[in-house]
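Have a look at the structure below before the remarks.
The values are calculated or read from the model by the stated rules, or taken from the named source; none is laboratory data. Just so it is clear, the structure is predicted and the values come from calculations on it, not from any experiment. All Cβ positions, even for glycine, are placed from backbone atoms using ideal geometry, and neighbour counts span all protein chains on display. Each accessible area value is taken on the protein alone, full model and side chains, heavy atoms only, with ligands, DNA and RNA left out. Shrake-Rupley method; radii C 1.70, N 1.55, O 1.52, S 1.80 Å.
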Amino acid sequence: PGLIGSLLVGVSAAQALAWSTTKPLIGIDHVQAHLYAASLLDQPNEAIIRYPAIGLVVSGGHTSLYTVTGPTTMQRLGKTIDDAVGEAYDKAAVILDAGYPGGPRLDKLAQRGTASVKLPRSLLGNDNLDFSFSGLKTALLNKAREQGVAIGLDQGRPEGLDAAGVERRNALAAGFQ
């Protein structure tokens, strides 16, 4: 994953390096490499992962769930079919004018609120473990507009929220989280 220009430059450089050193070029799934990195230790005899394990990669660009049977042996169980959870958090933070980075800022708002607002779950169905976060973002936007707290996206942005507005915004953050 990534911008095509960067990928082409990176692959070309790797191919040139492999050719010039007569070494093989081995392709590695970078999302799976995130899971493998968790097994890299300073102390070789120290086991922090016991296999089999469940691995969850959650970032701004990826949300994937794996069953991991060894450091390099894994099978994807589910993935996001649209936005990754990190991207959803960043957009939710924009909707609620929480600031950047979205995750920590939204978490602070959520800690001050109660999850009294019901929003859809991101898990799609019983037949698979795929996620969808776009519906959750849309539901948050609609609720925030209904409650007059979608100040991050509205044209006529109010100067601020009164105490009741702050409480509604915190509740929406808690419901989103």
Original post:
Got a sec? What order do TYR89, TYR100 fall in by accessible area at 1.4 Å, biggest, i.e. largest, first?
Top reply: TYR100, TYR89
Subject >> Computed lengthening from ILE4 to VAL166, 0.36 nm per intervening residue step minus Cα-Cα distance >> reply: 54.1 nm
Original post:
Ignoring ligands and nucleic acids, what accessible area does ILE26 show with a 1.4 Å probe (Å², nearest 10)?
Top reply: 130 Å²
Original post:
Once the piece of chain linking ARG112 and GLN147 is laid out straight, how much longer is it, given 0.36 nm per residue of separation minus the C-alpha distance between them?
Top reply: 10.9 nm
Subject >> Once exposed loop GluC sites (Glu not before Pro) are cut out (DSSP; at most 12 other Cβ, 10 Å), longest piece of the chain >> reply: 47-158
Original post:
Largest first, what is the accessible-area ranking of ILE48, ILE95 with a 1.4 Å probe?
Top reply: ILE48, ILE95
**OP:** Report, ordered by chain and residue number, the lysines lying within cross-link reach of LYS137, taken as a straight Cα distance under 29 Å and ignoring same-chain residues fewer than 8 apart.
**Re:** LYS79, LYS91, LYS108, LYS118
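Students sometimes get this wrong: rank ARG145, ARG121 by accessible area, probe 1.4 Å, all chains present, largest first.
So, going from the largest accessible area down, we get ARG121, ARG145.
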